[in-house]
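**Q** Questions regarding the structure given below will be posed in turn.
The values are calculated or read from the model by the stated rules, or taken from the named source; none is laboratory data. Because the structure is a prediction, the values reported are computed rather than measured. Cβ sites come from the backbone with ideal geometry, for glycine too, and all protein chains shown count toward neighbours.
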Amino acid sequence: MKIALLKLLPLASLSPTLGQVPYPSHNTGAGDINNPHISTTKFVNKPAGYYTVTTNGESELIRCPAGHFCPPNSSPISPIPCGGNDKFCPLGSSRPTLVEKGHYTIGGTHLTRSNEQICEPGFWCGNGTKTECEEGYYGDSFAETESKCVGPCSIGYYCLPGSTSPTQLPCGDPSQYCLSGAKEVTKVRAGYKSIGGSLTTRTNEEIVEEGYYAMDGVEYKCPAGRYGHVKGLSNEQCSGVCAQGYYCPAKSTSPFQKICGGSDRYCPSGSGAPILVWEGHYTVNDFNGTCGAGRFRNFTNVVDETISPIMKTSVTPTKVPVAPCDLCPEGKYKHVAGDDKALCLPCPYLTTGIDDNGWGESTSDRTSCVCYRESGGKPFSNIYFNVTKGECHSIEPGQEMPHTDVVADSDRTRNVQKECERGYYCLEGVRYKCPKGRYGDKIRETNSGCTGECQPGYYCEEDTIQTKIQLKMYVHMKQYVPQDIIVQAENVLNVFAVITVLVQGILLKRVKVNVIQDIGVHQNQLVKHKMNVEGVTLIVLKVVMRRLKLRRDIIPYLDQLILKYVMEGIKKTQL
């Protein structure tokens with residue numbers, strides 16, 4: 001029998017110096033896995049981890065290749081693939097080796113793994129397979145065996161798959177935030193602000209309070225002149241503009257946030273701060289002429305109660321008084337606009353809003369009531385008057401004081417400034433009538449004495465304007481002498497009185513006829529208004545005497561007669 005020499009390869013279980021060992025050979029006709037033309041020979045008692053091949057009639061043992069295993073005394077003799085990823089077969093394996101926990105197999109294909117390797121940070125290993133740590137989680141250690149690795153990503157950060165740090169990626173700008181274990185950023189909702197962390201590591205969102213709005217996760221105060229009365233506002237318009245007569249600083253929560261103040265300032269709609277009144281101007285409430293909160297239309301001593309309630313300047317001594325807006329009586333309040341005195345409601349003497357046992361009195365501007373706690377009443381931190389319900393209510397300790405809206409238009413809620421008219425002077429936003437005996441013919445007057453004293457021989461009631469009418473007269477042989485007469489001419493009665501002077505002058509051949517046309521009145525209009533001829537004659541006489549400097553000692557006497565006759569003439573026109 002032909003005996004072949006056995007070629008031994010190094011093997012951990014065999015000596016590397018082991019020589020060739022003769023084995024009987026038997027040609028099976030099967031091809032080798034690496035060389036199909038080499039015959040495989042069956043050996044008796046073949047060692048584990050080897051397989052045999054025969055070349056030119058000689059058989060030899062060869063170590064089992066990596067990724068395969070060769071069991072002892074197996075037949076047929078050929079390497080067997082190691083199997084799945086959960087096992088591996090190094091060179092010369094007689095059986096597969098199960099992968100160690102926290103390791104993965106490498107080499108060859110998924111059926112011919114030849115070794116194992118420890119799981120690196122950022123990965124976890126199970127059944128010999130390596131997988132990235134879940135998104136939102138991180139792994140900073142070796143041999144992880146769970147998909148979530150070490151744990152979730154830190155708040156304010158997010159983690160992509162395979163992260164090795166809990167702070168792998170900052171969340172970004174304030175328009176987004178990241179909760180714990182975030183796998184991506186979360187956009188902040190409209191009307192919400194991002195909170196926590198830094199500007200680049202926000203950790204959550206929170207709805208903005210009243211008086212604020214939020215855009216792109218950033219909180220802003222409602223701008224001055226506007227207010228925000230609800231939570232979650234999302235633009236700078238907030239809830240709307242401040243009411244006229246009030247002003248709204250930044251972060252206001254009501255259109256009536258702050259009362260404008262004294263008469264020297266005013267607050268139009270949308271005011272962020274009071275505006276100081278200009279010199280020569282006065283402040284008013286411009287609410288369609290109705291009396292504002294705290295006031296009613298007082299028609300006492302008024303001739304005609306149907307007169308327009310809008311306050312107008314009257315500069316005639318025969319004016320009809322306009323009913324003023326007076327404060328509601330003490331002990332009453334009025335929180336709405338209107339003229340009716342019935343709108344002034346009584347302040348409650350005893351109320352039980354929330355078992356508070358309080359009593360109230362009117363405020364100085366009569367727009368609300370002041371509440372006090374009675375002795376022995378329930379303790380509370382504050383008390384307020386509900387103008388809508390007409391009750392005093394207590395605020396329990398720790399509770400927020402509710403806002404009570406009061407309609408604008410009181411003395412402290414001026415909303416517009418106006419130019420001081422003729423017949424008045426204005427100081428610190430208050431308009432005053434020019435005093436008796438003085439007149440004011442200028443606008444924006446600031447002098448309490450107005451323009452000056454009334455001309456000798458004339459009288460001026462309060463708020464008098466003096467109007468000049470040019471009279472051209474012939475005196476002493478019809479010599480033409482331009483003259484000026486200053487008279488009151490604020491209404492049609494006074495104007496016709498002056499024209500009557502001209503008519504009498506015409507009759508006396510002392511006044512040019514065309515003067516009547518110069519002031520826009522024709523003679524046929526005068527026939528309808530029969531003036532006192534005696535008074536007219538005296539006026540002409542007085543003018544002539546004054547201009548010619550004659551008998552000045554009798555002018556005061558003439559003034560008295562003129563007043564008597566002119567007033568009688570006016571009365572005739574009213575019949």
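**Q** Taking the range 410-446 on its own, how many of its residues are touching a residue at least 24 places away in the same chain (Cβ under 8 Å) and either outside any loop (DSSP other than H, G, I, E, B) or closer than 16 Å to residue 275 by Cβ (or both)?
**A** Number of matching residues: 18.
**Q** Also, quick follow-up: How many residues, within the range 243-290, are under 25 Å from residue 325 (Cα atoms), in a loop (DSSP other than H, G, I, E, B) and among the hydrophobic types (A, V, I, L, M, F, W, C)?
**A** Of the residues in that region, 7 qualify.
**Q** Can you report the number of residues in the range 373-400 which are at pLDDT 60 or above, part of a loop (DSSP other than H, G, I, E, B) and surrounded by 17 or more Cβ atoms within 10 Å (Cβ to Cβ)?
**A** Within the range 373-400, residues that are at pLDDT 60 or above, part of a loop (DSSP other than H, G, I, E, B) and surrounded by 17 or more Cβ atoms within 10 Å (Cβ to Cβ) number 1.
**Q** Just give me the residues in the range 339-372 being at pLDDT 70 or above and assigned to a loop (DSSP other than H, G, I, E, B), in sequence order.
**A** Listed by number, the residues that qualify are 339, 340, 344, 347, 348, 363, 364, 365, 366, 367, 368.
**Q** How many residues does the range 175-208 hold that are under 15 Å from the mean Cα position of the chain (by Cα) and surrounded by 17 or more Cβ atoms within 10 Å (Cβ to Cβ)?
**A** 4
**Q** Can I ask one more? Taking into account only those residues within the range 117-140 that are of a type in the set (A, V, I, L, M, F, W, C) and not in a strand (DSSP E or B), which is nearest to the chain's Cα centre (by Cα)?
**A** The qualifying residue nearest to the chain's Cα centre (by Cα) is 133.
**Q** From the set of residues in the range 58-111 that are farther than 17 Å from residue 130 by Cβ and among the polar types (S, T, N, Q), which is surrounded by the fewest Cβ atoms within 10 Å (Cβ to Cβ)?
**A** So the residue we want is 75.
**Q** On to the next question. I want to confirm something. Restricting to the range 159-190 and keeping residues that are among the β-branched types (Val, Ile, Thr) and part of a loop (DSSP other than H, G, I, E, B), which single residue is farthest from residue 145 (Cα to Cα)?
**A** Ranking the qualifying residues of the range 159-190, first place goes to 188.
**Q** If you take the residues of the range 112-158 that are among the aliphatic types (A, V, I, L, M) and buried (at least 16 other Cβ atoms within 10 Å of the Cβ), which of them is farthest from residue 196 (Cα to Cα)?
**A** 143
**Q** Moving on. Which residue pairs have Cβ atoms closer than 7 Å, lie 6 or more positions apart in sequence or on different chains, and pair a first residue in the range 158-175 that is on the phi > 0 side of the Ramachandran plot and touching a residue at least 40 places away in the same chain (Cβ under 8 Å) with a second residue that is assigned to a loop (DSSP other than H, G, I, E, B) and buried (at least 16 other Cβ atoms within 10 Å of the Cβ)?
**A** Sorted first by the residue in the range 158-175, then by its partner, the pairs are 162/122; 162/133.
**Q** Okay, next question. Please indicate, with yes or no, whether at least one residue in the range 241-258 is among the small types (Gly, Ala, Ser) and surrounded by fewer than 16 Cβ atoms within 10 Å (Cβ to Cβ).
**A** Yes, some residue in the range 241-258 is among the small types (Gly, Ala, Ser) and surrounded by fewer than 16 Cβ atoms within 10 Å (Cβ to Cβ).
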